[in-house]
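Here the structure comes first, spelled out in structure tokens, and everything after it is commentary.
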Amino acid sequence: MKMLINVPETVVADALRGMAAAHPQLTVDVENRVVVRRDAPVAGKVGLVSGGGSGHEPLHGGFVGPGMLSAACPGEVFTSPVPDQMARAAAAVDSGAGVLFIVKNYTGDVLNFDMAAELAEDEGIQIGKVLVNDDVAVTDSLFTAGRRGTGATLFVEKMAGAAAEEGLPLERVEAIGRRVNESSRSFGVALSAVTTPAKGSPTFDLPAGELELGIGIHGEPGRERRAMMTSREIADFAVNAVLDDLRPSGPVIALVNGMGGTPLLELYGFSAEVQRVLGERGVAVARTLVGNYVTSLDMAGCSVTLCQVDEELLRLWDAPVETAALRWGR
């Protein structure tokens, strides 16, 4: 498999050096693997820190900036960052108002963020935490106990980030983040396997002419494999799986997300089918975001995330944001 890299051992460091050169509004510590907004800490503002294995870009480093994260900690590819990274990030962004950890529900991430919270609290930093577990495809998976954290991570980082930007206290920012997670559900589909730099070949076998329904963002098994389906059929399956679990009673924000290897031409066509299913189910759509945001390296495929919103959450979604990967209103 051809890959645009030097050697697998330096792929994360090389990417961080490139990020630093492209985005001078960020402070990128390549050696310690921490990405921080350059103006941090912001006086009186709660800091937001997230992180996870690399390979899901632009999650999380692409969401560092005003209106979203204060800092992000990238691990090696598909490998959790270590507690020292997270504690270093917390210290870099703490203004005295506390720091919120946003954690996807994968065993390594959960354990390491918990240890980092203890380290930070030993240094006098108040820590809150939001655990993201929105994936309805399976209950337990290769790297999780309970539901996996996927597309709702973007919603939590955006809306909790906007709340922090308004100067709300840590307990309110944490409560908003938890409410966003509880109001969100996701479902993913793989059209091809994922190739990691270290392996250089697909990490699992997905025969030509088949797809996997309910895939995880590391290539974890989903609910079932089927013969290739049309965009319309995939939307019917994925959106109904989300709606049957979420059961929204109000409008939703829809994230139509690519897994990294699916072009926008296809994603927008798929988004049209997602809108069709939501209309048939009588669900009002307040906002839609289409693109590759929570990815799995080169995997072809998509995911659908829906978040039920009220006036407060919609206002926080619409609030200004300025990051490498998401920006509006500033």
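The values are calculated or read from the model by the stated rules, or taken from the named source; none is laboratory data. This structure is a prediction, so every number in the text was calculated from the model and none was measured. Neighbour counts are summed over all protein chains in view; Cβ atoms, including those assigned to glycine, are modelled from backbone coordinates with ideal geometry. Just so you know, the surface numbers come from the protein's heavy atoms only, side chains and all, with ligands and any DNA or RNA stripped out. Shrake-Rupley method; radii C 1.70, N 1.55, O 1.52, S 1.80 Å.
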Report whether or not residue 11 is in contact with a Ser or Thr (Cβ under 7 Å, 6 or more places away or on another chain), modelled with pLDDT of 95 or more, open to solvent by 10 Å² or more (accessible area, probe 1.4 Å) and outside any loop (DSSP other than H, G, I, E, B).
no
In segment 98-137, which residues are open to solvent by less than 30 Å² (accessible area, probe 1.4 Å) and either in the same structural domain as residue 239 (by the TED database) or part of a loop (DSSP other than H, G, I, E, B) (or both)?
98, 105, 106, 125, 134, 136, 137
Suppose we filter 268, 293 for residues that are among the hydroxyl-bearing types (Ser, Thr, Tyr) and either outside the structural domain of residue 200 (by the TED database) or part of a loop (DSSP other than H, G, I, E, B) (or both); which single one remains?
293
Counted residues, segment 117-172 - those being basic (Lys, Arg) and under 16 Å from residue 214 (Cβ atoms):
2
Filter segment 157-208 down to the residues that are within 17 Å of residue 301 (Cα to Cα) and open to solvent by 50 Å² or more (accessible area, probe 1.4 Å), then identify the one that is farthest from the chain's Cα centre (by Cα).
208
Just the residues that are among the hydrophobic types (A, V, I, L, M, F, W, C) and open to solvent by less than 60 Å² (accessible area, probe 1.4 Å), please, taken from segment 209-240.
211, 213, 215, 217, 229, 234, 235, 237, 238, 239
In segment 70-87, which residues are open to solvent by 30 Å² or more (accessible area, probe 1.4 Å) and either of a type in the set (Asp, Glu) or in contact with a Leu (Cβ under 9 Å, 6 or more places away or on another chain) (or both)?
76, 77, 78, 84
